[in-house]
1. So how exposed is ASP51, as accessible area in Å² (1.4 Å probe, rounded to 10)?
2. For the range 15-86, what percent of Cα pairs sit more than 19 Å apart?
3. Using a 1.4 angstrom probe and counting only protein chains, how large is the accessible area of ILE224 in Å², to 10?
4. So which trypsin sites (Lys or Arg not before Pro) in the range 49-94 are both in a DSSP loop and have at most 15 other Cβ atoms within 10 Å of their Cβ?
5. At most 10 other Cβ atoms within 10 Å plus a DSSP loop assignment makes a site exposed; report the longest stretch of the chain without any exposed chymotrypsin sites (Phe, Trp or Tyr not before Pro).
6. Determine the alpha carbon to alpha carbon distance for each of LYS2/LYS145; LYS157/LYS218; LYS71/LYS218 and list only those over 22 Å.
7. Please state, as a whole number in µm²/s, the translational diffusion coefficient that the Stokes-Einstein equation yields for the chain at 4 °C and 1.567 mPa s, with Rh defined as the Kirkwood radius across alpha carbon pairs.
8. Return the calculated 222 nm mean residue ellipticity for the chain, to the nearest 500 deg cm²/dmol, obtained by summing -39500 (n - 2.57) across DSSP H runs with n ≥ 4 and dividing by the residue count.
Amino acid sequence: MKIGIDNVTTGQATSRRTIGGFRHFLEDLATWMPRVAPQHEYVLFQPRWSDSLDIDLGSNVRIHECAGVPKQRLGRVIYEQSVYGGIIDRSGVNVFLALNNVVPLGLRTPSVAQIPSLQYFDFPQIYSRPQLVYLRNMAPWTLRKAKRVIAFSHTSKQTILEKVRIPEAKVHVVYHGLSATVERNGQGQQYEAGCRLVESLSEGKPYILSVSSFYWQKNLTRLIDAFSIVRHRHA
């Protein structure tokens, strides 16, 4: 089987200097899927301008560079829904793994849709009006079109089933795994040094460690409030 993996709808979220963990997620996905199931071939679709990923390209993995993908969001969306589906179909992949909420409209190849977030339903204030309209229409269509759907938690799965009427058996929960990126890049010593630094700063006392980008929807202010309550109760 030939499996296509999407790195076009992710836009610049997988570039080297971006905020968030999408790049690390994709690197580990493209590294471990071919190792876990080496009997298959893997094709990674990405723009020509995309930063190269820190992955080892084995004999069963190749990069398909897509020409003409705009960097600007609106242009990229138009590309995704007009050109991208045909590129995937002509590549000969048997199934396409869409990583970022949407599947191209004209795609004929069977697809699996990953839904990394459902914030456009619950936190409309963090989106522009065009983004909100697009995602609230395309995500439900994608959920119905895809042969299978991947949610990152049972809470996300439940939200999907509440928002869109699709068979429950179609939605599968696949948790994020522990990243191997640190060890693969030879940064194991830096990682251990970071752990020792956190331990030293805590002076042996209990602490809360949050590893996250500072997006509003991450609710870090609530985490700080919770830490303050715990600290005063157990001081």
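The values are calculated or read from the model by the stated rules, or taken from the named source; none is laboratory data. Here the structure is a predicted model, which means the values were calculated and not measured. Cβ placement follows ideal geometry from the backbone for every residue including glycine, while neighbour counts extend to all protein chains displayed. Heads up: the accessible areas ignore ligands, DNA and RNA and are worked out on the full protein's heavy atoms, side chains in. Shrake-Rupley method; radii C 1.70, N 1.55, O 1.52, S 1.80 Å.
1. The accessible area comes out at roughly 50 Å².
2. The proportion of pairs with Cα distances above 19 Å equals 43 percent.
3. 110
4. Here the sparse-neighbourhood loop sites are LYS71.
5. Between exposed loop sites, the widest span is 1-174.
6. As for pairs spanning more than 22 Å Cα to Cα, those are LYS71/LYS218.
7. Value of D from the Cα-based Kirkwood radius: 65 µm²/s.
8. Taken over the chain, the calculation gives -11500 deg cm²/dmol.
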